[in-house]
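Structure record follows, encoded as structure tokens.
The values are calculated or read from the model by the stated rules, or taken from the named source; none is laboratory data. This is a predicted model, so every value here is computed, not measured. Methodologically, a virtual Cβ is constructed for each residue, glycine included, from the backbone with ideal geometry; neighbour enumeration extends over all protein chains shown.
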Amino acid sequence: MWSAINAPVFLTTPQGWWRFYGLNLDRDADWGSIWYALSLLGINMSHINYFSILSLAVIAVLLALYLFDFEITPSLSQVSFILMATVLCFGKVYSPQYVLWLVPLAILGMREKRDVPAFWIWQGGEVIYHLAIWQHLALVSGAHFGLPDGAYAIATLIRIATTLYFVSVLVRRNLANPSKARRRAHERLADFLFGTAESYP
């Protein structure tokens, strides 16, 4: 599906198609990313592109093992949330508005009331970061008040930690209660793709 959507654009306007990917490869660590937070704390990492790409590759492998090796089929919303959240946490930018992409998927992905406290812990991290980013931007924009680098970096790491905590809750819930999502082993990719949608009416 990705190829079907992207191929016409790539064939007709390859420069425009590549612009987004080129900008992301060329940019340095930016607001909200774990890499930017570490740099503010004095942990300067060269070759951030390599670390970011390696992190995404590890995420892809772990997610593939989670989805295909275990005899479970999480809902499509869970798969989408887990993938998007982890990619954002280890990407080179994690803007505050990205939470608007994640919240609907998270709400659809929660299967039990026991997941709700973890959801609110994550949202608490988002509130902390939302307050921190604007106070920090005020300071770097020349205001006489605002949040210093170290405090902003800590707020960023809190946000990422709470996001990954909620991801881990969803993953552990499926592994601990496989009977609620158990399927036969995924012999074909199509088995998984169609299985993810079985939780919807």
Number of the condition not met by A138 [criteria: (1) over 14 Å from the mean Cα position of the chain (by Cα); (2) assigned to a helix (DSSP H, G or I); (3) modelled with pLDDT under 95; (4) under 25 Å from S75 (Cα atoms)]: (4)
Selected residue [touching a residue at least 12 places away in the same chain (Cβ under 8 Å), surrounded by 19 or more Cβ atoms within 10 Å (Cβ to Cβ) and farther than 28 Å from Y50 by Cα] from A153, A118: A118
Long-range neighbours under 6 Å by Cβ, at least six apart or interchain, first residue at negative phi within segment 39-63, second hydroxyl-bearing (S, T, Y): I59/T86
So which of L157, L170 ends up being part of a helix (DSSP H, G or I), at pLDDT 95 or above and hydrophobic (A, V, I, L, M, F, W, C)? L157
Test: residue in segment 11-30 that is within 18 Å of the chain's Cα centre (by Cα), surrounded by 12 or more Cβ atoms within 10 Å (Cβ to Cβ) and at pLDDT 80 or above: yes
Based on what the data block shows, is Y66 touching a strand residue (DSSP E or B) at 6+ places or on another chain (Cβ under 9 Å), in contact (Cβ under 8 Å) with a residue 24 or more places away in the chain, crowded, with 16+ Cβ neighbours inside 10 Å and under 27 Å from N174 (Cβ atoms)? yes
Flagged in segment 37-63 as surrounded by fewer than 16 Cβ atoms within 10 Å (Cβ to Cβ) and among the hydrophobic types (A, V, I, L, M, F, W, C), in numbering order, are L41, I43, M45, I53, L54, L56, A57, V58, A60, V61, L62
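Let's see how each residue does on (1) of a type in the set (A, V, I, L, M, F, W, C); (2) in contact with a helix residue (DSSP H, G or I) (Cβ under 7 Å, 6 or more places away or on another chain); (3) modelled with pLDDT of 90 or more:
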{"residue": "Y50", "(1), (2), (3)": "no, no, no"}
{"residue": "I72", "(1), (2), (3)": "yes, yes, no"}
{"residue": "C89", "(1), (2), (3)": "yes, yes, yes"}
{"residue": "Q97", "(1), (2), (3)": "no, no, yes"}
{"residue": "P117", "(1), (2), (3)": "no, no, yes"}
{"residue": "W120", "(1), (2), (3)": "yes, no, yes"}
{"residue": "G124", "(1), (2), (3)": "no, yes, yes"}
{"residue": "H144", "(1), (2), (3)": "no, no, no"}
{"residue": "L147", "(1), (2), (3)": "yes, yes, yes"}
